[in-house]
1. Dimensions of the chain along principal axes (Cα, Å, largest first)?
2. Apply the Karplus parameterisation 6.51 cos²θ - 1.76 cosθ + 1.60, with θ equal to phi minus 60°, to every residue of segment 61-66 and state each ³J(HN,Hα) to the nearest whole Hz, in sequence, with x for glycine and proline.
3. Given 4 °C and 1.567 mPa s, how large is the Stokes-Einstein diffusion coefficient of segment 26-73 in µm²/s, with Rh as the Kirkwood radius over Cα pairs?
4. Which FRET efficiency value, to the nearest 0.05, is calculated for Val43 and Leu64 with the Förster distance at 41 angstrom and r the Cβ-Cβ distance?
5. Based only on other Cβ atoms within 10 Å, what is the fewest-to-most ordering of Ser114, Ser39, Ser48, Ser58?
6. What spacing in nm lies between the two simple spin-label points modelled at Val20 and Leu92, each 7 Å away from Cα in the Cβ direction?
Amino acid sequence: MTLRALLALHAFVTAAAGIVLAIVPAAIPAAVGIVLDPSAYLVAYFISGAEFAIAYLSLRAVTLQGEALRLAVQTIVVFHAATGLLEMYALLQGVDPRLWLNLILRIIVIILFSWFGRRLSYA
């Protein structure tokens, strides 16, 4: 796998999450035991918007080089690291332990992007 293939895969998966959150806002939270009342769907819509933005960044980064590509990769790592820290906080608050699976997936994404992004030149 190359960095560009990883970016394309990430764009696809992230866009899919954005679509699910936009169309069926309660579905993803329900997967980890969170009941989202229809009055709270706006929260899912905001997250959907963030997913679409990250998917767009990933898709566009496929064609980038140099500093722009490095910045895109670092932004993806920061997004997943920040979200992972917030998921850990939620787990400490007593959220359904199934959220650990999502946290593990985020850690894998962080490792993959850090690994493939490490060779980007700073010249």
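Coordinate-derived values only; no laboratory data. Computed from a predicted model, the values in this text were never measured in an experiment. Here Cβ is always computed from backbone atoms with ideal geometry, including for glycine, and neighbour counts include all displayed protein chains.
1. 49, 28, 20
2. Each residue of segment 61-66 in turn: 5, 4, 9, 7, 9, x Hz.
3. Rounded to a whole number, D works out at 103 µm²/s.
4. Here the calculated transfer efficiency is 0.85.
5. With the fewest neighbours first, Ser114, Ser39, Ser48, Ser58 line up as Ser39, Ser114, Ser48, Ser58.
6. Result for the modelled spin labels: 2.7 nm.
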